[in-house]
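Here is the structure we will look at, set down as structure tokens.
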Amino acid sequence: MQRRSLMKSALTAATLTALAATAAFAENPVLKIGFVGVTSGPAAAWGISNQRSMEARAAWINETGGYTIGDTTYDIEIVSFDDQKDPKRAIAGMEKMAQEGIHYVVGPNVDDGAAAVRPVAEANGIMYFPYAFPKSLYQAPASNAVLGMVANYQSGPAIYKYLMEEKGVKTVAFIAANESDPLSQRDGGVEAATSLGMEVVSSNVTYQVDTTDFTPVLTPIMRTRPDLLVLSGVSPANAPQLIRSARELGFEGVISTETAQDAGVLAEGAGDLANGFISVGGASTPELASPMMKEFVQRYTDMFGEYNDESNTKVYALEYILETLKADPSAIDNVDTFQATMDTFEAPNPYMNGDAKLRYVGMSSFGQKRQVAVPLVVNVYQDGKFETLFVAEVD
């Protein structure tokens with residue numbers, strides 16, 4: 001009887017302690033930040049990296065007491081929606097954000113989705129940070145979208161120029177999935193390569209995203225014997241299949257893409273055949289990574305059991321949103337104020353060593369500041385992991 005009473009007392013004390021902790025945690029009001037993007041299907045790695053980056057950073061902020069904007073400290077809640085790479089679902093996701101009173105959203109991850117949600121975002125006062133490249137999203141009169149990464153028409157010329165100067169590349173062939181995003185990126189790549197003086201030997205070969213045998217697709221390209229094969233807008237699921245097929249057909253040249261990739265997927269799908277594959281990486285290298293970036297990587301890994309390299313880029317969107325709100329707290333529910341703040345905004349970059357700054361760029365590409373400033377890191381895949389090929393800046 002006495003033991004039962006003691007256990008009951010102990011449980012009561014534990015319950016009270018838990019309730020007190022919950023009450024203390026709940027003292028902070030909640031600031032909801034949305035994510036609308038693809039987390040299933042062949043392109044899932046792109047959106048999963050977004051969502052995990054946001055959730056890992058939000059958990060870190062909440063664990064350490066919250067985020068202070070003006071006179072208020074908030075706990076950050078990430079509200080996520082898988083659009084399945086479907087523009088109609090992306091619209092539904094953005095409508096959900098509007099219904100919940102969310103004014104700041106990360107995503108979508110592809111061109112069609114980012115374009116589809118624009119009317120909903122503008123009608124409901126939502127700033128959104130897509131990982132999509134159409135310039136029309138970021139040029140006036142558009143004003144509510146902010147490019148969250150480096151675009152293919154910015155990274156492509158840098159990669160091609162490097163390969164021309166360092167590898168003697170003179171001829172290039174392009175292959176793209178028969179979808180608007182990859183086709184748009186292919187057209188941008190062809191334009192960039194041509195302007196640099198490269199000879200484009202093939203640019204009209206396409207494939208369906210559910211293709212499983214790429215040998216007949218690649219065979220006509222192989223006959224042109226290009227120095228460089230560009231996989232325009234390739235998804236992480238299709239990249240290793242294309243690489244494997246090209247190598248098995250005897251292609252010995254360079255293979256590259258302007259989209260971010262997953263080293264684990266490449267290792268599993270192509271193995272050593274992927275060695276030398278060039279892609280845009282996360283916005284960090286061991287030399288650039290600050291102690292805060294290293295802690296972020298560790299927290300992300302602890303939370304999800306693995307780390308996605310492109311999260312070096314994806315970590316930035318949430319940070320930009322919160323730091324810009326901190327610069328003018330009235331922007332929490334007023335995106336007009338947020339947009340006005342962007343023009344002069346500057347804050348220390350916590351993820352890079354040195355005196356790097358968070359700031360908005362894009363004047364050269366868009367005529368207005370509608371892009372986050374992140375380093376352009378170009379990687380080469382080698383023996384199961386990415387190595388840094390070179391680092392550049394845009395605008």
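Look through region 367-377, keep the residues that are surrounded by fewer than 22 Cβ atoms within 10 Å (Cβ to Cβ) and in contact with a helix residue (DSSP H, G or I) (Cβ under 7 Å, 6 or more places away or on another chain), and return whichever of them is nearest to residue 269 (Cα to Cα).
Here the residue is 376.
Let's see how each residue does on (1) at positive phi; (2) in contact (Cβ under 8 Å) with a residue 40 or more places away in the chain:
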{"position": "246", "(1), (2)": "no, no"}
{"position": "251", "(1), (2)": "no, no"}
{"position": "261", "(1), (2)": "no, yes"}
{"position": "266", "(1), (2)": "no, yes"}
{"position": "271", "(1), (2)": "yes, no"}
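Give the residues of region 101-131 that are small (Gly, Ala, Ser), within 14 Å of residue 36 (Cβ to Cβ) and surrounded by fewer than 24 Cβ atoms within 10 Å (Cβ to Cβ), sorted by residue number.
First, the residues of region 101-131 that are small (Gly, Ala, Ser): 101, 107, 113-116, 121, 123, 125.
From what's left, within 14 Å of residue 36 (Cβ to Cβ): 107, 113-116, 121.
Residues satisfying the conditions are 115, 116.
Under the condition of being within 24 Å of residue 110 (Cβ to Cβ) and out of contact with any Gly (no Cβ under 8 Å at 6 or more places or on another chain), which residue from region 222-236 is surrounded by the most Cβ atoms within 10 Å (Cβ to Cβ)? Explain how you work it out, then say what you get.
Filtering region 222-236 for residues within 24 Å of residue 110 (Cβ to Cβ) gives 229-236.
Retained after the next criterion (residues that are out of contact with any Gly (no Cβ under 8 Å at 6 or more places or on another chain)): 231, 233-236.
Values: 231: 27, 233: 26, 234: 29, 235: 26, 236: 25.
The selected residue is 234.
Report, by residue number, each residue of region 378-395 that is aliphatic (A, V, I, L, M) and touching a helix residue (DSSP H, G or I) at 6+ places or on another chain (Cβ under 9 Å).
Across region 378-395, the qualifying residues are 378, 389, 392, 394.
Considering only region 312-337, state which residues are of a type in the set (A, V, I, L, M, F, W, C), under 25 Å from residue 293 (Cβ atoms) and open to solvent by less than 50 Å² (accessible area, probe 1.4 Å).
Here is the first cut: in region 312-337, the residues of a type in the set (A, V, I, L, M, F, W, C) are 315, 317-318, 321-322, 325, 327, 331-332, 335.
From the residues that got through so far, the ones that are under 25 Å from residue 293 (Cβ atoms) too are 315, 317-318, 321-322, 325, 327.
Once the filter is applied, which keeps residues that are of a type in the set (A, V, I, L, M, F, W, C), under 25 Å from residue 293 (Cβ atoms) and open to solvent by less than 50 Å² (accessible area, probe 1.4 Å), region 312-337 yields 315, 317, 318, 321, 322, 325.
Here's the yes/no breakdown for (1) in the same structural domain as residue 143 (by TED's automatic domain parsing); (2) within 28 Å of residue 136 (Cβ to Cβ); (3) out of contact with any strand residue (DSSP E or B) (no Cβ under 9 Å at 6 or more places or on another chain):
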residue	(1), (2), (3)
317	yes, yes, no
321	yes, yes, no
328	yes, yes, yes
338	yes, yes, no
352	yes, no, no
355	yes, no, no
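I'm told residue 219 meets every condition in (1) in contact with a Leu (Cβ under 8 Å, 6 or more places away or on another chain); (2) surrounded by 15 or more Cβ atoms within 10 Å (Cβ to Cβ); (3) not assigned by TED's automatic domain parsing to the domain that holds residue 330 except one. Can you identify the failing condition by its number?
Of everything listed in (1) in contact with a Leu (Cβ under 8 Å, 6 or more places away or on another chain); (2) surrounded by 15 or more Cβ atoms within 10 Å (Cβ to Cβ); (3) not assigned by TED's automatic domain parsing to the domain that holds residue 330, residue 219 misses just condition (2).
If I ask for residues that are of a type in the set (Ser, Thr, Tyr) and either under 17 Å from residue 310 (Cβ atoms) or modelled with pLDDT under 95 (or both), which ones from region 101-135 would you list?
Residues of region 101-135 that are of a type in the set (Ser, Thr, Tyr), as a first pass: 104, 128, 131.
Result: 131, single match.
The values are calculated or read from the model by the stated rules, or taken from the named source; none is laboratory data. Everything numeric in this text was worked out from a predicted model, so none of it was measured. Quick reminder, even Gly has a Cβ in these numbers, built from the backbone with ideal geometry, and neighbours come from all protein chains shown. Protein only, heavy atoms only, side chains kept; ligands, DNA and RNA dropped before computing areas. Shrake-Rupley method; radii C 1.70, N 1.55, O 1.52, S 1.80 Å.
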